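Only one structure is covered here, and it is reproduced in the block below.
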Amino acid sequence: MSSLCGNDPALSVVIATKNRDQALQKISLPSLLCQDEGNFEVLVWDASDSSRSREVVCGFEGSFADRGIPLRFVSAPRSGLVSQRNDALKEAGGEIVFFIDDDSEVSPDGLRSLRECFAAYPEIMGGGLRVEDLSCRPKSDRRHTLRDSLYRLFRYRRRRKVSFAGSAKGLSAPSGAAEWLSGCSMAFRRAVFDDLSFNEKLEAFGPYALAEDVEFSHRVFLFYGKPLMVPEKGCVIHHAVAGERVAGTEKKAAMVFYNRYLLMLAASRNHPFAGHFLFLWTVLRIWVKLSRSFGFSVAYRGLQMALKQVLKDTPSA
């Protein structure tokens, strides 16, 4: 890893963004400027339809330069969260690459805690800061209260895990070993990208690429056979600012079905039969949920679109 006094950044922070200049201006960039160490670079990879994000970054350049922190803006050649992250890797110079969202507020000790985590666990290939998601409402109903009481009674420790069917659990789990990381706060050693890349198939129905974080980070966990790590110190507050996501509810329904299918394929790589069998139950649950949210016809057309994409991916005999 690069020395703190070296010329190259020990850590690259990558922000893939589109049409969300206010989030950059008010949340992510100010938080990075307030870090208690300065050996990192910031790369804003922007696919916006206007120059407002460029202007925001230009407005911060002087403040970052005063601290000796490189801040770069790049106009993305392609639009899409996964595509932009894959492309940004070509420019990121750090030995650790930290991906955050434009609405991610990194605590002042965040980058230092992340670096110390990778140094303390040289065997790990990925890690991420604890996430406080302001868009999530507290779980206070009787079912969750009973579950938490049973956890305490049996001293059960929640962990971030992914089932064979592609179900990611444990976002609120305590720090420690994990099987997946949140897209608004995930970092990997540079060497990971010599072997793996983000799955651009997840953009089939929209640039938002639902579940791209779980799909990629869990593949890293499986590929290297080493746990990912969430350090005790440092956190990211995810503000979940409204912005461009998926246009059209049919496309969103198709994305939910199809991207979950791709996640299942990654999670059940070593147990394909179990993954496909359990995924049938998952499809039914998704169907019921989307039918209630979008209506039966929209959920049905979304499922049709997803099935056509699956068949398109399947090589002919």
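Here 271, 238 are screened, and the one residue that is touching a Phe, Trp or Tyr at 6+ places or on another chain (Cβ under 6 Å) and either under 30 Å from residue 32 (Cβ atoms) or touching a residue at least 60 places away in the same chain (Cβ under 8 Å) (or both) is 271. Collect the residues in region 38-94 that are part of a helix (DSSP H, G or I), closer than 25 Å to residue 255 by Cα and in contact with a strand residue (DSSP E or B) (Cβ under 8 Å, 6 or more places away or on another chain), keeping them in residue-number order. Passing the criteria: 81, 84, 85, 87, 88. Just one of (1) surrounded by 18 or more Cβ atoms within 10 Å (Cβ to Cβ); (2) closer than 30 Å to residue 36 by Cβ; (3) of a type outside the set (Asp, Glu) fails for residue 233. It is (1).
Here residue 61 meets each of (1) surrounded by fewer than 17 Cβ atoms within 10 Å (Cβ to Cβ); (2) within 25 Å of residue 119 (Cα to Cα) with one exception, condition (2). Residues that are aliphatic (A, V, I, L, M) and surrounded by fewer than 24 Cβ atoms within 10 Å (Cβ to Cβ) within region 93-107 comprise just one, 97. The residues of region 2-47 that are modelled with pLDDT of 95 or more and of a type in the set (Gly, Ala, Ser), listed by number, are 12, 16, 23, 28, 31, 47. Screening residue 253 with (1) in contact (Cβ under 8 Å) with a residue 12 or more places away in the chain; (2) surrounded by fewer than 16 Cβ atoms within 10 Å (Cβ to Cβ) gives one miss only, at (2). When the criteria are applied in full, residue 188 fails the requirement of being modelled with pLDDT of 95 or more, surrounded by fewer than 23 Cβ atoms within 10 Å (Cβ to Cβ) and under 14 Å from residue 124 (Cα atoms). Pairing residues of region 111-130 that are free of Cβ contacts under 8 Å to residues at least 60 places away in the same chain and within 18 Å of residue 37 (Cα to Cα) with residues that are part of a strand (DSSP E or B) and acidic (Asp, Glu), at Cβ distances under 6 Å and at least 6 apart in sequence or on separate chains, gives no pairs at all. Are any of the residues in region 43-60 among the basic types (Lys, Arg), on the phi < 0 side of the Ramachandran plot, assigned by TED's automatic domain parsing to the domain that holds residue 217 and over 22 Å from the mean Cα position of the chain (by Cα)? Yes, because at least one residue in region 43-60 is among the basic types (Lys, Arg), on the phi < 0 side of the Ramachandran plot, assigned by TED's automatic domain parsing to the domain that holds residue 217 and over 22 Å from the mean Cα position of the chain (by Cα).
Can you report the number of residues in region 192-235 which are among the charged types (D, E, K, R) and closer than 19 Å to residue 79 by Cα? The total comes to 5.
Based on this model, can you work out whether residue 56 counts as of a type in the set (Val, Ile, Thr) and under 24 Å from residue 217 (Cα atoms)? For residue 56, the condition - of a type in the set (Val, Ile, Thr) and under 24 Å from residue 217 (Cα atoms) - is not met.
Among the residues of region 23-52, which ones are among the polar types (S, T, N, Q) and over 26 Å from residue 78 (Cα atoms)? Once the filter is applied, which keeps residues that are among the polar types (S, T, N, Q) and over 26 Å from residue 78 (Cα atoms), region 23-52 yields 31, 35, 39.
The values are calculated or read from the model by the stated rules, or taken from the named source; none is laboratory data. Remember, predicted model here, so these are calculated numbers, not experimental data. Cβ sites come from the backbone with ideal geometry, for glycine too, and all protein chains shown count toward neighbours.
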